[in-house]
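All remarks here apply to the structure that follows.
The values are calculated or read from the model by the stated rules, or taken from the named source; none is laboratory data. Bear in mind the structure is a predicted one, so any value in this text is a computation, not a measurement. Note that we place each Cβ from the backbone using ideal geometry, even for glycine, and neighbour counts take in every protein chain shown. Each accessible area value is taken on the protein alone, full model and side chains, heavy atoms only, with ligands, DNA and RNA left out. Shrake-Rupley method; radii C 1.70, N 1.55, O 1.52, S 1.80 Å.
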Amino acid sequence: MDEEDLIPADYNDGNRAFLQALMARGVVTYREGKSILAAIFAARDGEPIDPNSVSQETFAAYIAAAQEAVSHFDYDLRSAMHQVRKERVWALVNTTSDPLTQLATLHTADEIAFVKRILDSMFEKYNTQRMEVMCVDSIQANKCRNVPRPDLDESVLDREASQAQSQSLKGLKSSEVEAVMAAMVDEGWFEKSGNSFYGLAPRALMELRTWLIESYNDPDAGADEWQRVKFCEACKEIVTMGQRCADRDCNVRLHDICDEGFWRTRRDRKCPRCSTEWSGKHFVGPKAVTETEAYKRGRRRSDRDRGSLMEQVMQEEGEEDGDEGMNGEDVDEE
């Protein structure tokens, strides 16, 4: 069957222009989609079109047409609610290949390996049972620029394989780290918060969902055991910014945008699994750091020679807590 036979007969140049714009952006919201469609209609009709005149139904029709067109080529158009803005985001998602390999069209192997180290930092080093920060600042990102040495605890064969892989990769310069992080934001993979923390954007959460679960969750863990990737009790999507149960052994999480609707349907504000009182003061994401007294004290100091304030806070909170190190490991008692 020819590729032309897969495209609906009413699929026109306007649909093609909309899909091209979506492919160039990677993600689109209704607000952005209205501007794109207004420009397409203006070019077609030869007169200016007010973006606000583009209805939700028209936008949905172009999304549906694009979804039908790309579905024949191992792509899909998926949507998710932004964890903070409560705005629906649509993203073009490759349904077959390893999501990280898709970056190869725009980035070098060294840059892709660096991004993988950033993800490891977000979901392992800075995501512990005590503090689920799940983001990095620019200083922490810069620490990921070098290729790590093989783990001495690995078997000989694994260590040799790791060493061979490490030798084929090169680290990045600090200026290159800055450029790659900026590119990840521009391409819709990362978002940079007002406090200059980098976290996963909706595109990454949609496209990397399966990969994140397979890479960072333990498939043999029990239903109630703590996992690194957790889901909103209300919408069932991944939570990297939101609220957590006060009981550290409990896996219940909520997006801030889902909070009001979730509790409206319940008789009390108690965790639905462990019945712990839900204060809304225990956080996932940047707030796990920025709402601590240690962070607020650090912000009042001079920025000079401060290093990574986020990392200092995690270390300080761990020392005060007395039971975990920054990597989520128990602190040995002498």
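Data table
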| item | result |
| --- | --- |
| Near pairs, Cβ below 7 angstrom, 6+ apart or cross-chain, from region 1-24 (within 17 Å of Ala60 (Cα to Cα)) to any residue that is open to solvent by 100 Å² or more (accessible area, probe 1.4 Å) and at pLDDT 70 or above | Gly14/Arg44 |
| Selection status of Asp247, open to solvent by 20 Å² or more (accessible area, probe 1.4 Å) and farther than 21 Å from His82 by Cα | yes |
| Test set (1) modelled with pLDDT under 95; (2) open to solvent by less than 50 Å² (accessible area, probe 1.4 Å) - Arg267 fails condition number | (2) |
| Residue in region 147-160 that is modelled with the highest pLDDT, counting only those that are out of contact with any Lys or Arg (no Cβ under 8 Å at 6 or more places or on another chain) and loosely packed, with under 14 Cβ neighbours inside 10 Å | Arg149 |
| Members of region 200-223 that are under 17 Å from Arg117 (Cα atoms) and of a type in the set (Asp, Glu) | Glu214 |
| Hits in region 192-212 - residues which are open to solvent by 50 Å² or more (accessible area, probe 1.4 Å) and under 21 Å from Leu92 (Cβ atoms) | Arg209, Thr210 |
| Of the criteria (1) in a helix (DSSP H, G or I); (2) modelled with pLDDT of 95 or more; (3) of a type in the set (D, E, K, R), which one Glu191 fails | (1) |
| Lone unmet requirement of (1) in a loop (DSSP other than H, G, I, E, B); (2) open to solvent by less than 60 Å² (accessible area, probe 1.4 Å); (3) free of Cβ contacts under 8 Å to residues at least 60 places away in the same chain for Gly298 | (1) |
